[in-house]
Structures are given as structure tokens and as C-alpha cells.
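Single-structure report; data block below.
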Amino acid sequence: MIIQPLTGKWQFRQFDTKDFFPATVPGCAHTDLMVLGKIPDPFIGKNELEVQWIGDQDWEYVKDFDLDEQLMHSDRVFLVCKGLDTIAEINLNGQNLGKTDNMFRSYQWDVKPVIKSGRNHLSLLFHSPVKYIQAKQQQRQLPVGTFSGAAYIRKVQSHFGWDWGPTLPSSGIWGDIYLEGQSKAVISDVHLGQIHTKNNVLVKIEATVDQWQKGRFTLSVSLHHPDGHVMHINSAVDKALVTLDVRVDAPQLWWPNGLGEQPLYKIVLELFDGIEKLDSRTYQIGLRELELRQDPDEWGKTFTFAVNGVPIFAKGADWIPADSFITRLTHAQLEHLIRSCAQANMNMIRVWGGGFYESEDFYDLCDQYGILIWQDCGFACAAYPLDMPEFIENVKAELIENIHRLRHRASLAIWCGNNEIEMMLPMWKKEKSLTAAYEEFFHHTLPQLVNAEDPDHPYWPSSPSSNSFMVHTNGDAIGDTHLWHVWHGLRPFSYFQERYTRFCSEFGLESLPTLPTIASFAKESDYSLKSDVFLHHQRSVGGNDKMLYYLTTRFRIPANFSDMVYLTQIMQAECVRTGVEHWRRNRPRCSGALYWQLNDCWPVSSWASIDYCGRWKVLQYAARRFNASVALSIEEKSGQIVLHVANDSRDDFSGEVSYSLQTFDGGILKSGNQSITVPQNLSASWALPALTREIQRTGKKNVVLVAELHQNQTRLENQVHLFVPEKYLKLPSPDLTVEPRLEKDAVVFKVTAKKLALFVEIGLAEADVVFSDNFFDLPAGDTKEIRCPKPDGWALSQIEKALQMHSLVDVVPTGDLFTNLLEHYRTGLTQVSLKTRILFAFLE
Ligand code: BMA
């Protein structure tokens, strides 16, 4: 096989204008125009509004190239396009090759009769995606989802705007593009299965070989073990489907993050004619079994993923495209995001259906870091024209291709039909044909297709769903839930504790991005939730008001904008923590908590725990604690305090829990301890003796409960619990001190508080580093060691100079408690808030 790459330097023009300009492939019109300085960066200020014309235009991409003459000797030469965005016409040397209408598919055309020796001219014309959907919408009006008519086009749905994303519908070549010369035969498809028995794993290989000439074809398979040794097997190719079994003795099993290692095996398939190599394919696999257990129980049915027979609690978040312009994302940025998941003790992320089936690089990283993937198919929040045969054919081809591409992945956990469409169907009740087509497609066609193409993975019709069409779609007895009653419905965080969901796949709260990220899009004069720029970088209806609404339940409104960032992020972390702690306590009734959302596609106020620039918000640090394999939490229920220890590890846990009721300067009012045993994959609790008398005597506003978890004389974790919202407290100055020291490539900070310090933030000015912990509480007299990688070339003196630290007591409030309360009610009573509250009151 001969490959001639066609990526790199191209030319492009707005169709029907004269001049061509340099372009880069992969890329899109927006990124090319930006490089040329012809448009402003749409992420800055309100520039997005100025670039809307791009989506209305047609764009032509052209490339002149000299043919790799070896291709002339191939039997067949294909032009292969791995990703075209989206409505394109392809011409080579003036001859039309075809049209495309699905950016999630790859396309290839036999160009042998069209290519010529020497110079060739390739042209791709991309029609305006906006005009395309407008025209379709005019022919037949679909109910308006996020963007009118977007459901007609097989393109990243959030390109048309979302409640966290800008409207930037791109056009261009977003995937690989090359010429492929084939001779005699090729491997056209591969399916890798696994059969696990006690001491070995049988790797079952099915390879489809497409042969059009006679030859002595053999398929050679090598299996590379993680320890380096390689096994080889050869098979004669006497028919189109070649099946081979490779037995792996003493297999090294692949585990999700936190439950074990991620050993990866490599499988290389090579097709030979005699000694001539014709084709090859390489796969990275992990040896593991995975199932979704849905066993009837006293509450309904379980919804528990089990890996290698071990039921797991899925911990993680929802993933959206990591850049509005998807080709810009670098490997380093992607790895930072996936590594951050692992660092925050996550084991699953959900690739949300309004984005795209991610890159090979993405799934490689998930395999490596032990992050399971809940994979939505590419449908979200809209009524799709699934009653139109040509649309069905198109999406079927898309699904088959992507299922074949991803089914061997160790990280792949589940195929899910779509995001939230079933939940939204009642809004489109009158659309009888679309509703019937929905049921047919997601409850019959797609499960059959997944079962045929990838019988090793479970299928789930929608998120959320109960698996029975329109029956308790978002209920707690069966299936997964999206609990938006908090945030959209303005319910308090404690609402989560009323919900014993089997698996919560979306819930969360918005916050501002980090300050350096804000500085990338706003001027200091814009730093206000009410400024045009901050309203523009906020896409959830009434979002800035809602952040303030929640903030004022716990805190005073801060005078400084930097504290607004700090407090909105703390509220977000507290919200998610409340849910995750509760659901982890309730294993095995609940088996998963994926919060909305992990990442951003541009700098914006959103539910993300890592902002667009990759900076960890407070929630990402909190996730590291509340997702810890063994995690302590404190619950107060009608005056009774209970300490819980959730154990997600594969070993039973034995240790000790202790509590002490203290004043803020460390005076102990009552304390105690208790040994605790928590069986693997369960949680256990200790109800503390009554503390009411001590609390009343000293006053709720003056006491804090400190709980600790120990094992073998080592403290694993501590937590504090207050008895009134922070805004009512008179916190003492904690007298925080910090001593940094260098240890090889790390900086270690020893942080000590004389008196109670809440949400201690440590930072290094001008250095973007991830700390081992941050925004943590320090009880009086306590010390914590925090680490971070040493910024390149920094000396200790520079670290000391750049060091910043503060805690909640340093936040200067504005207004008094009463005016703050008025602000709270004002935001809670806006028309938008009232409307969403009513809506969510009726959502199951
Ligand atoms: C759910 C998601 C997204 C959305 C988020 C926040 O609906 O599936 O569509 O962005 O909530 O509103």
C-alpha cells in the first residue's frame, strides 16, 4: 500500500471571490482567516458576533500536488477523506468525484482514472452549513431544538451554539486526507473479540480481506505484550473472512483508573503476498471483561458497570468538544485533560452526543489512563428527521463506521443512542411521525445494529432513560438520570439527597472561569457579571443571575471580582460534592455520578471543572477528594451527624474515624473515635453521639466539626462541617503560614493554620501548575503538605516571590446581609428563574 499525504499547505477562498489565500489542512475557514488576520479572534470580547458571516458563505479549498509516481503502478488509487465538514463537492483535475453530507463519516473515491502523472489539481467546495439547514428547514419545519434546523446536518451540533458554546459553524477539511494506492488485496475490516477464562484470554481476530487479484496471500498477526515479548501467528488467506485465535496465558488485565493497572497489548496485522507486504493495521487493546448489570432489586434495577467481574462506582464527568475549532487541539492539551481526569480519581467520562466521535488520540489516552467511555451517538436535544429514509441511511453508515473504529477499545464502556431527546419528546407531542420514528430508531434499529456490529458492549437508548420508551425517563428506579432541578430549577443542593438515582449522568452548577482565562477575553473594565462581555460569555439563560442566587445562599456578595470568581467556583464545587458524596454513600443502590461538565470549548462561564485554557477550577480539586478511592464524608440529618466512609477499592478497608467539635481557634468541646471496617465496593457509617448540648452552649455560629480518617497511624483525609452558612460567621484570622521547599522536580509547600481556615487557595503567580490539593480547609493548628511540579528553571527564591495564599476570611464583602438577601430574591424571582422552576417541578 502506498500513501501520499495531502495535508499541510493548501489554498482557499470565499467561493465566487477572486483571490486564493494560504490555508492549513486539517483546519477550517475560521482558523485560516484568523491566521491571515482577516477576522478577529472570536473568543475575545464579543468578536463572535462579527464572524457570523463565515457560516453563511461557501468556501473552496484547493491543492496542486505532484503525484507520487509509484501510485501509477498501483491497481487502485483512492482519494481518502477522513473528515469533511460538511456539505462538500469534491473535484479532481476538473472531474467531479462526488458529494458529502456527514462530517462523522470518511469517504473515498477510486481516482485511478482521474489522476495523472505530474501536477494534479484537487478542489473541495464546502457549502454554507447555515444555508443548508435553513433550506431544509424551509422544506419541512422540524421543531426547533438548540438551533433551528441543525438536526438536518450531520455535523457537531454545538457548532451552531449551545448553552456553554458559541455559534461558530465551521467549514473545511477536519480529518486526514491522502491518496492510497492498493495492489492485489487489502484488509478492509477487523473485529477483535476476547474470551476470558480462569487463566487465559483468547483474543479472537476476524479480518476481512478484500482481494481482486490472485496471489499467495497470508495474514501475519503479532501480539506485543506489555512486557515487550511478541507472539506471531500466520494464516493463509483462502477466503474473505480470516479468523484467528491468539491465546494469552497469564494475562495482565486492564482496569479502570483506581482499581488497578492499565497494561496495553498491541496487535499488528500484516497482509502479504509471498514476501510482499500489501497492507497492515495496528490496534491497542486492553484485556478486560465489561458488562452493565441491570439486575432487579428492591428499588428497581441496578445500573452498575462491572469490569473483570468487579462492580464499579462510575466517577467522572461529561465531555464536550475541547475546542470550538476541533483541529486546533494539540496532543499535549488533550493529554492534560485526560490526565486531569485520572488525577481527580475519575474512572469514566461521557462523550456527549452534541459533540463528535472523538479522535484516535483521545481513545488512546483514555485506554492509557484507565478512563472508561460512555459514548453517546451524535444526537442531542432535537427532533431528528428519522422518518426520512435518506437520513437513516446516512446515520446508519456513520454509526457502523464509528462502531467498527472504536469497538476494540479497552476504554469503551457503552453505546448510548442520544442526549436527552427522549426527555424532550413530550414537548413535540404533536409531531407523531417524528416520535414514532424516534422509538423505531433508538429502541429497535440502533440496538439491533449495535448488537450486530459490537455484541461486546451494552447499548442504552438515551441519556437519561429507563430503557422503556417514555416510561419514567428520568426516574430513580431504573436507568440513568439528569438532575437539573439544581441550577436550572433553582432547587437547593440538598435536593440531591432526596434523589436515590441508580446512576446520575448529569448534574452541576456554573461558575466563572479562572482569572487568567478571563483575562484572555475581557478587559479589566469589563469585570462584572452585568457587563456585556460577561453576559456574552454566558450562554445559560439567566446564568449570571443564577450564579449569584446560589452564591448568596452561603456567602456575602464580594466586593472584588477576583473573589466573585473564587466564590462562584466554591459554590460549584460544593454543589457537586453534595451529590457525589450522597450517591457514593448509597452504593450499591447508586452506581455512578458523572457531573456536567469536565471541559470547555471556549473561555466562558459554565459548568466545567477545567476551563478552556486547561486551568483547574475549585471543582476539579474537590473532585480529587470526593472521588478518592476511600473517601470520608459528613452528613447532618435532622440534627444527627453521621460520618461515612465510601470504599471503592477492591480490598476491604479497616481504619479509624474520629471527630472533634471545636471552636474556630481549636478549643475542643467534644471528641471521639471509632474503628471502622468498610467492605470492598461498599460504604459504612458511624452515627456520632449527640452533640446538640455542646453546640447550643457555644452557639452554632462558633463551632466546627472536624472529622478525620486514619489508617495505620496515617491520616488519609479530614473534613470540616459548619452548622450555619458561612455568611453568618465571624471567622478569625487563621494566621496562615507557608514554607516552600524543593524536592527534586517538585515544590512542596507546608501550610499551617493557627485557627480555622476555610477554602485555602495557594497559587504561584505567572506559573500554570496543578497542585496536589487546593481550596482545602485547615482546622486550627493543622498542617498540610501540598506539592506541585517545579516550574522550569525556577529557583526557590522565585517560588517564594510568586507565592500567593488566601482563604475565605480574606474576602471583603459588599453591602450588608439584608441587601445581599434582596439580591438573592431578586435573582430567584426573575421571569426566567420562575419559568425554569415551574418546569423542573414537573420533571421526574
Ligand atoms: C444538559 C446537557 C447539555 C447542556 C447541559 C446544561 O442538557 O445534555 O445539553 O449543555 O445540560 O444545560
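The values are calculated or read from the model by the stated rules, or taken from the named source; none is laboratory data. Quantities reported herein were computed from a predicted structural model and do not represent experimental measurements. When we count neighbours, we look across all protein chains shown, and the Cβ atoms used for this are built from the backbone with ideal geometry, even at glycine. Only protein heavy atoms, including side chains, enter the accessible area calculation; ligands, DNA and RNA are left aside. Shrake-Rupley method; radii C 1.70, N 1.55, O 1.52, S 1.80 Å.
Which of the peptides 71-78, 814-821, 589-596, 472-479 is most tightly packed, and how do the rest follow, judged by the mean count of other Cβ atoms within 10 Å per residue?
Descending mean neighbour count gives 589-596, 472-479, 71-78, 814-821.
Quick one: putting +1 on the C-beta of Lys and Arg, -1 on the C-beta of Asp and Glu, what dipole do you get for segment 657-746 around its Cα centre, in Debye to the nearest 20?
460
Based on alpha-carbon centroids, what's the gap between segment 498-560 and segment 352-429 in Å, whole number please?
A separation of 29 Å, based on Cα centres.
Given a cut-off of 56 Å, what percent of all Cα-Cα pairs of the chain lie beyond it?
Result for the distance tail: 12 percent.
Angle, helix 129-139 long axis vs. longest principal axis of the chain, Cα atoms, 0 to 90°, nearest 10?
Approximately 80 degrees, to the nearest 10.
Where in segment 405-471 are there trypsin sites (Lys or Arg not before Pro) that are in a DSSP coil and have at most 14 other Cβ atoms within 10 angstrom of their Cβ?
Those satisfying the criteria are Lys429, Lys430.
A 32 angstrom limit on the alpha carbon distance is what I want to check against. Which of Lys46/Lys429; Lys116/Lys214; Lys523/Lys730; Lys46/Lys801; Lys9/Lys116 exceed it?
Pairs exceeding the cut-off: Lys46/Lys429; Lys523/Lys730; Lys46/Lys801.
What whole-number value in Å² describes the accessible area per residue of segment 539-674 for a 1.4 Å probe?
26
Extending each Cα 7 Å along its Cβ direction at Ala397 and Lys112, get the distance between those two points in nm, one decimal.
Spacing of the two 7 Å Cα→Cβ label points: 2.1 nm.
Distance from the Cα centre of segment 15-68 to that of segment 592-624, in angstrom?
Going from one Cα centre to the other spans 30 Å.
So how far, in whole Å, is the C-alpha centre of segment 191-233 from the one of segment 275-348?
24
Using helices alone, I'd like the mean residue ellipticity at 222 nm for the chain: each DSSP H run of four-plus residues gives -39500 (n - 2.57), total over residue count, nearest 500.
Result for the chain: -6000 deg cm²/dmol, rounded to the nearest 500.
Quick one: 3J(HN,Hα) in Hz for segment 559-570, Karplus 6.51/-1.76/1.60 with θ = phi - 60°, rounded, Gly and Pro as x.
So the J values, rounded to whole Hz, are 7, 9, 5, 4, 6, 5, 4, 4, 6, 5, 5, 5.
About the Cα centre of segment 309-358, how large is the charge dipole given +1 on each Lys and Arg Cβ and -1 on each Asp and Glu Cβ? Please answer in debye to the nearest 20.
Dipole magnitude for segment 309-358 comes out near 100 debye.
Karplus couplings for segment 697-709 from phi (6.51 cos²θ - 1.76 cosθ + 1.60, θ = phi - 60°), rounded to Hz, Gly and Pro as x?
Working through the residues one at a time gives 4, 8, x, 3, 7, 10, 10, 9, 9, 10, 10, 9, 10 Hz.
Let's see if you can work this out: charge +1 on each Lys and Arg Cβ, -1 on each Asp and Glu Cβ, no other charges. What is the dipole magnitude of segment 265-324 about its Cα centre, in debye to the nearest 20?
I would put it at about 180 debye.
Using only the alpha carbon atoms of segment 31-135, find the Kirkwood hydrodynamic radius as the inverse mean reciprocal pair distance, in angstroms to one decimal.
After inverting the mean inverse Cα-Cα distance, the result is 15.8 Å.
Which of Phe43, His225, Val738 sits closest to the plus end of the dipole of the chain, meaning its Cα is farthest towards the positive end, when Lys and Arg get +1 and Asp and Glu get -1 on the C-beta?
Of the options given, the answer is Val738.
Going by amide H atoms built from the backbone, whose H comes under 5 Å of the H on Arg350, apart from near neighbours?
Ala317, Asp318, Trp319, Trp374
Just to verify a number: what accessible area does Ile838 come out at with the full protein assembly present, 1.4 Å probe, Å² rounded to tens?
About 100 Å², rounded to the nearest 10.
I need the peptides 40-49, 758-767, 726-735 ranked by packing, meaning the mean over residues of other C-beta atoms within 10 angstrom, with the highest value on top.
Going by the mean number of other Cβ atoms within 10 Å, highest first, we get 758-767, 40-49, 726-735.
Which percent of the accessible heavy-atom area of the chain goes to carbon and sulfur, probe 1.4 angstrom?
50
Whose amide H sits under 5 Å from the amide H of Val111, counting only residues 5 or more places off or on another chain, with H placed in the peptide plane?
Here Val77, Phe78, Leu79 satisfy the definition.
Please list the non-local residues whose amide H lies under 5 Å from the amide H of Asp480, H modeled 1.01 Å from N, same-chain partners needing a gap of 5 or more.
Sorted by chain and number, the residues that satisfy this are Ser465.
What residue among Val769, Pro789, Leu756 has its Cα farthest toward the positive end of the dipole of segment 726-794, where the charges are +1 on Lys, Arg and -1 on Asp, Glu, each on the Cβ?
Leu756
Using alpha carbons only, how many degrees (0 to 90, rounded to 10) separate the axis of helix 831-841 from the longest principal axis of the chain?
80
When ranked by the protection proxy of mean other Cβ atoms within 10 Å per residue, highest first, what sequence do the peptides 482-488, 784-790 form?
Averaged packing, sorted descending, gives the order 482-488, 784-790.
Per 0.36 nm of contour for each residue apart, how much would the distance between Leu829 and Gln134 grow if the chain were fully extended, relative to their Cα-Cα spacing?
Value of the extension gain: 246.6 nm.
For Asp777, what accessible area in Å² do you get when you roll a 1.4 Å probe over the heavy atoms of the protein chains, rounding to the nearest 10?
Answer for Asp777: close to 40 Å² accessible.
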